[in-house]
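Below: the structure, in C-alpha cells.
All of the numbers you see were taken from the coordinates with simple rules; none came from a lab. Quick caveat, the model's predicted, so the values are computed rather than measured. A quick note on method: Cβ atoms are made from the backbone with ideal geometry, for glycine too, and the neighbour counts reach across all protein chains shown.
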Amino acid sequence: MIRERILVIGASGQIGVELTLALRKIYGNNNVVASDLREENDLLKGTGPYVSLDVMNKEMLHVQVIRQNITQIYLLAAILSATGEKNPNLAWHLNMQGLLNVLDIAREEKIYKVYWPSSIAVFGPTSPKQNCPQQTIIEPITVYGISKYAGEFWCNYYHQRFHVDVRSLRYPGLISYKSAPGGGTTDYAIEIFHEALEEKKYQCFLNEDTYLPMMYMPDAIKATIELMEAPAANISIRTSYNISAMSFSPKEIAAAIKNYIPEFNISYEPDYRQTIADSWPQSIDDSVARNDWGWKHEYDLLKMTKDMLENLRNT
Ligand SMILES: NC(=O)c1ccc[n+]([C@@H]2O[C@H](COP(=O)([O-])OP(=O)(O)OC[C@H]3O[C@@H](n4cnc5c(N)ncnc54)[C@H](O)[C@@H]3O)[C@@H](O)[C@H]2O)c1
C-alpha cells in the first residue's frame, strides 16, 4: 500500500484550512503538507507541516513535490468570481497557469491523484436555470467562469492523454464559519451571519429573490474526500462533476436567521455582483455524482443556519 504524502496548495484559504485539517485526520498530521502564498492560517498552526509556496513558480513547486515525496496534490489557489472581475488578467493567469503547472508536475512525477475544484460559475445565461444538468449549454460570462471551464478541459486532456488521475467538483457557493471567504459572489451568505449576530442588520449586495446553489462546508469537505477516495473505475466525469445541496435566496436565508434572531433586518443594495449571480443557474442536477460515487448531502438551509449560528456564537 502506498504511504500517501499530500500537498495542499492554497491551504490558508476558505476551503484549504478545513480540507487540510480533515485530510490530516485521515492521513496523519505529518503526511499532509499545507502550502500557501500568504502566511499560515492560525487554525493550521501546530497541526502539521507548512511551506510557503507560489503555485506560479513551477520550479519551486517541483522541488517541493520531490523533496516532500508528494503522492497527491490538492490545488485550491485561485482568484474567485467577484475579485476576478476586478482583475481579469490576474485571474486568468493564476487560474490557468497554476493548474497547468500542477498537471505538468503530476505527469512528470507520476503523482498518484490530483484534486482541482471547478465551480457553478462555468454556467452562463444560456444554461438552464433550474436543475442545470451535467452536460448542457455552457457559455460563461465571467473571467472566473471562463478559466474554470478551460481548466475542466485541461483536466480531461491530462487524464485522457497522460493518464493523470485528476478529479474535480463544480462547487456551488460555500458557507463556513472557520475561515473567511475569498471574494466570491456567494460571500453574502457568510457575511449575513456575522452581521446578524453583531449588528442585527445586513445590507445585501444581491436582490432578495436571487436564488443560487449553495453548500455548507462540512458537505463540501465530505464530497471532496469521497470523490478522491472513490475507485477510479467509478469516475465517469473527467471534466468536473455537478454537485449540489441546497438553493435559497437572500430573503429565505434572512427568514431562517430570523427564527433565531427575531430583530434581524435585511436591506438590499445590489452591485456588480448581481449581474454575475443572474448569469448562474438557480439549482443544479447532480445525479451523475450521486450515481457514480454515492454523493449525498447532509445540510439543508435550516440545519446549516442552526449550525452556523451556534458555532459563531461560540467563537
Ligand atoms: N469558496 C467558494 O464558495 C467556492 C465555490 C466554487 C469554487 N471554489 C474554488 O475552490 C478553490 C478554493 O477556494 P477558496 O474559497 O478556498 O478560495 P480562497 O481565496 O479563500 O483561498 C485561496 C488561497 O489560495 C492562495 N493563493 C493565491 N494565489 C496563490 C499562489 N500564487 N500560490 C499559492 N497560493 C496562492 C490564497 O492566498 C488563498 O489562501 C478555488 O479554486 C475556488 O475557485 C470556491
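Points to keep in mind about this one:
- Some residue of the stretch 61-76 being over 24 Å from Tyr158 (Cα atoms) and either part of a helix (DSSP H, G or I) or in contact (Cβ under 8 Å) with a residue 60 or more places away in the chain (or both): no
- Subset tally (residues that are at positive phi and within 16 Å of the ligand (Cβ to nearest atom)) for the stretch 103-146: 0
- Residue in the stretch 154-173 that is near the ligand (Cβ under 10 Å from one of its atoms), charged (D, E, K, R) and touching a residue at least 60 places away in the same chain (Cβ under 8 Å) present: yes
- Applying the condition of being of a type in the set (S, T, N, Q) and within 8 Å of the ligand (Cβ to nearest atom) to the stretch 177-192 and asking which residue is nearest to Leu44 (Cα to Cα) yields Ser179.
- Matching residues in the stretch 66-79 - criterion: being out of contact with any strand residue (DSSP E or B) (no Cβ under 6 Å at 6 or more places or on another chain) and surrounded by fewer than 22 Cβ atoms within 10 Å (Cβ to Cβ): Ile66, Arg67, Asn69, Thr71
- As a summary of the residue check, Val55 satisfies the conditions (1) within 30 Å of Arg273 (Cα to Cα); (2) in a helix (DSSP H, G or I) except for the one numbered (2).
- Selection count where residues are part of a loop (DSSP other than H, G, I, E, B) and farther than 18 Å from Ala78 by Cβ, scope the stretch 142-166: 3
- Subset tally (residues that are buried (at least 20 other Cβ atoms within 10 Å of the Cβ) and within 10 Å of the ligand (Cβ to nearest atom)) for the stretch 81-90: 2
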